[in-house]
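The values are calculated or read from the model by the stated rules, or taken from the named source; none is laboratory data. Keep in mind it's a predicted model, so treat the numbers as computed, not measured. Don't worry about glycine lacking a Cβ; one is built from the backbone with ideal geometry, like all the others, and counts go over all protein chains shown. The accessibility values were calculated without ligands, DNA or RNA, using every heavy atom of the protein model including side chains. Shrake-Rupley method; radii C 1.70, N 1.55, O 1.52, S 1.80 Å.
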Amino acid sequence: GLMIVRADTTTADTDLLGGIGFDSTDGNVPSTITEASCFIAAYAAEAHGTGDKGGDLAFGCTLINDDDDTASHEYMRILDSGFIGIGTSSPDYELDVAGNIGLDEYIYHNGDADTFIRFAPDLVNLVAGGYSAIKYEKSTGKIIINNTNENVDFHVMAEDNTELLTTDAANNRV
């Protein structure tokens, strides 16, 4: 296989280890991989030595109408911890998105198929254990709690844990 190795005597945290730049010969040829139209770059995640080889991987591109000889924009980074950052180079979670995300319909809880958040046109539904806890549907103009008509009570609690409002679903009482 292909290996890119940094050839010097010391490698410090955040040093560029190497990478691949993708560009054309139209205009100036980039002087570094991070000036290419798109790049994949590896950075040291710690000072390297015989027992320390941590690394991060970064992905970037330039925008339409960016000038040549300017740094490309980093859009995604995979840290040595396995955390992935989109729009951030220092993710705090396994997947950290700094910006908006789009999805078609469901966000599921792993290993628990009947616990999810469903998004549909003008509808949001929070379901836990197969029971619709909170649902909003624009066409009805209602926010519905306990949409599955199960014996699920609703409690509004004060800061000191006092019940301000309680519903008793089994007995149809507030």
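Number of residues in the range 17-29 that are touching a strand residue (DSSP E or B) at 6+ places or on another chain (Cβ under 6 Å) and either closer than 26 Å to Asp52 by Cα or open to solvent by less than 80 Å² (accessible area, probe 1.4 Å) (or both): the value is 5. For the range 16-37, the condition holds for no residue, the condition being that it is within 15 Å of Ser89 (Cβ to Cβ), within 28 Å of the chain's Cα centre (by Cα) and in a loop (DSSP other than H, G, I, E, B). Contact map, the range 32-51: residues that are free of Cβ contacts under 8 Å to residues at least 40 places away in the same chain paired with residues that are surrounded by fewer than 16 Cβ atoms within 10 Å (Cβ to Cβ) and among the hydroxyl-bearing types (Ser, Thr, Tyr), Cβ distance under 7 Å, separation 6+ or inter-chain. Pairs shown: Glu35/Thr70; Tyr43/Thr14; Ala44/Thr14. Could you please find all residues in the range 148-169 being farther than 26 Å from Arg118 by Cβ, out of contact with any strand residue (DSSP E or B) (no Cβ under 6 Å at 6 or more places or on another chain) and in a loop (DSSP other than H, G, I, E, B)? Scanning the range 148-169 gives Glu159, Asp160, Asn161, Thr162. Among the conditions (1) open to solvent by less than 60 Å² (accessible area, probe 1.4 Å); (2) of a type outside the set (Lys, Arg); (3) over 19 Å from the mean Cα position of the chain (by Cα); (4) at pLDDT 95 or above, the only one that Asp52 does not satisfy is (1). Of the strands (runs of 3 or more DSSP E) lying entirely inside the range 81-147, the ones with 2 or more residues being hydrophobic (A, V, I, L, M, F, W, C) and open to solvent by 70 Å² or more (accessible area, probe 1.4 Å) are found at 112-120, 142-145. When each of Ala71, Ala58 is tested for being in a strand (DSSP E or B), touching a residue at least 24 places away in the same chain (Cβ under 8 Å) and closer than 30 Å to Thr25 by Cβ, the lone residue that passes is Ala58. In this structure, Asp69 does satisfy being surrounded by fewer than 14 Cβ atoms within 10 Å (Cβ to Cβ), in contact with a helix residue (DSSP H, G or I) (Cβ under 7 Å, 6 or more places away or on another chain) and modelled with pLDDT under 95. For the range 148-165, residues that are open to solvent by 100 Å² or more (accessible area, probe 1.4 Å) and either within 33 Å of the chain's Cα centre (by Cα) or at pLDDT 85 or above (or both) total 4. Each residue in the range 5-15 was checked for being surrounded by 11 or more Cβ atoms within 10 Å (Cβ to Cβ), over 17 Å from Ser89 (Cβ atoms) and either in contact with a helix residue (DSSP H, G or I) (Cβ under 6 Å, 6 or more places away or on another chain) or β-branched (Val, Ile, Thr) (or both), and 1 pass.
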